Amino acid sequence: MDERLKANLDAWNLMTGYHAASPEYRLAEFKAGENVLKPIELREVGDVRGKSLLHMQCHFGLDTMSWARMGANVTGVDFSDEAIALARSISAECKIPARFLHSNIYDAPNVLHEQFDIVFTSYGALCWLPDINRWAEIAASFVKPGGFFYIAEFHPLILMSDNRRGMTKLENEISYFHTAMRVDPPGPDYSDHTKIVSESHEWMYRLGDIVSALAATGLRIEYLHEFAECIYQHFPFMKQGSDGMWHIEGDPIPTIFSIKATKP
Ligand SMILES: C[S@@+](CC[C@H](N)C(=O)[O-])C[C@H]1O[C@@H](n2cnc3c(N)ncnc32)[C@H](O)[C@@H]1O
């Protein structure tokens with residue numbers, strides 16, 4: 001495996017334990033029967049009953065198994081062996097039928113030889129991927145004719161801004177047009193600030209890069225939606241609204257986008 005992805009894998013194996021223990025991931029609530037999917041994807045993906053669903057970069061599978069609880073036949077893929085082991089154990093403990101495959105997303109076509117009604121991925125997936133075009137080709141290859149690909153992801157406009165503790169307003173850290181890989185030095189985990197995550201490597205894609213990569217596969221883009229509300233407190237100055245989502249005062253920029261693309 002590419003050395004940069006190997007470093008990311010080590011970081012993700014570490015983060016899996018942190019996230020399983022972090023209240024933000026709501027493992028206890030999930031085990032008690034709650035659905036941990038967010039309103040945006042619940043609304044936009046719609047009825048999944050009886051549908052086959054592939055979750056790319058499924059982490060330890062709570063979103064994947066939430067779709068299963070709603071009636072989908074689910075498969076999750078992730079390159080973290082710790083995450084996949086935890087997903088399998090939760091699936092067994094909660095008696096939720098789900099298949100979890102351990103694979104680098106770029107190697108997934110070698111281990112998974114099927115197509116799905118729905119190919120889903122979400123929040124915090126793309127920044128770990130060195131090649132957006134190959135990622136899009138792989139995602140599209142897993143969609144059945146008549147099926148669709150769906151992503152809900154953090155908007156590049158928030159990824160270019162500094163979100164360290166102590167920030168009081170939006171301040172650009174890098175240009176929107178910055179495309180070089182960034183090395184994240186060891187630092188606090190995004191979910192549990194008391195835990196330290198090892199060095200990782202991240203990429204930032206412009207919205208145009210993502211849409212164009214998907215369009216080039218032959219998928220038909222049904223929509224690109226942008227949302228002011230965020231699923232978590234990305235910036236310390238965000239406030240939680242009555243909708244439970246996090247807002248920058250005045251909602252000046254989108255924090256999340258979603259894309260639905262169908263295969264003719
Ligand atoms: C922020 S998490 C995604 C969280 C997801 N929204 C969920 O359901 O919890 C990012 C995931 O991407 C995985 N990942 C990162 N790079 C990968 C790669 N090259 N192949 C497969 N999985 C990868 C990590 O192991 C991690 O589980």
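The values are calculated or read from the model by the stated rules, or taken from the named source; none is laboratory data. If you're wondering where the values come from, they're calculated on a predicted model, not measured in any experiment. Glycine gets a Cβ as well: all are built from the backbone with ideal geometry, and neighbour counts include every protein chain shown.
Table: residues versus (1) of a type in the set (Lys, Arg); (2) under 16 Å from the mean Cα position of the chain (by Cα); (3) within 12 Å of the ligand (Cβ to nearest atom); (4) closer than 18 Å to Leu37 by Cβ.
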position: Gln57; (1), (2), (3), (4): no, yes, yes, yes
position: Ala68; (1), (2), (3), (4): no, no, no, yes
position: Val119; (1), (2), (3), (4): no, yes, no, yes
position: Glu137; (1), (2), (3), (4): no, no, no, no
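Kindly indicate the residue of the range 86-111 that is farther than 25 Å from Asn35 by Cβ and away from the ligand (no atom under 12 Å from the Cβ) and also nearest to the chain's Cα centre (by Cα) among those meeting that condition.
Pro109
Here are the criteria: (1) of a type in the set (Gly, Ala, Ser); (2) part of a loop (DSSP other than H, G, I, E, B); (3) farther than 22 Å from Gly46 by Cα. Tell me which single one Ser212 does not satisfy.
(2)
So which residues in the range 238-258 are of a type in the set (Phe, Trp, Tyr) and either within 20 Å of Arg206 (Cβ to Cβ) or modelled with pLDDT under 95 (or both), if there are any at all? Steps first, please.
The first filter runs over the range 238-258 and keeps only residues of a type in the set (Phe, Trp, Tyr), leaving 246, 257.
Answer for the range 238-258, where residues must be of a type in the set (Phe, Trp, Tyr) and either within 20 Å of Arg206 (Cβ to Cβ) or modelled with pLDDT under 95 (or both): just Phe257.
So in the range 233-259, with the set limited to residues that are touching a Phe, Trp or Tyr at 6+ places or on another chain (Cβ under 9 Å), assigned to a loop (DSSP other than H, G, I, E, B) and touching a residue at least 24 places away in the same chain (Cβ under 8 Å), which one is farthest from Glu222 (Cα to Cα)?
Here the residue is Phe235.
Evaluate the range 41-49: report whether one residue or more is within 11 Å of the ligand (Cβ to nearest atom) and at pLDDT 95 or above.
Yes, the conditions are met somewhere in the range 41-49.
Select, from Ala83, Ala20, the only residue that is within 12 Å of the ligand (Cβ to nearest atom) and within 30 Å of Ala180 (Cβ to Cβ).
Ala83
Go through (1) in a helix (DSSP H, G or I); (2) within 27 Å of Pro254 (Cα to Cα) for Phe30 and report which single condition fails.
Only one criterion in (1) in a helix (DSSP H, G or I); (2) within 27 Å of Pro254 (Cα to Cα) is unmet by Phe30, namely (2).
Residues that are closer than 24 Å to Leu207 by Cα, in contact (Cβ under 8 Å) with a residue 60 or more places away in the chain and touching a Ser or Thr at 6+ places or on another chain (Cβ under 7 Å): find the strands (runs of 3 or more DSSP E) completely inside the range 52-153 holding 3 or more of those.
Qualifying strands (runs of 3 or more DSSP E): 52-56.
Across the range 127-154, what is the number of residues that are surrounded by 19 or more Cβ atoms within 10 Å (Cβ to Cβ) and polar (S, T, N, Q)?
0
What are the residues in the range 33-51 that are part of a loop (DSSP other than H, G, I, E, B) and touching a residue at least 60 places away in the same chain (Cβ under 8 Å), if any? Working first, answer last.
First, the residues of the range 33-51 that are part of a loop (DSSP other than H, G, I, E, B): 33-38, 46-51.
Within the range 33-51, Lys38, Val48, Lys51 meet the criteria.
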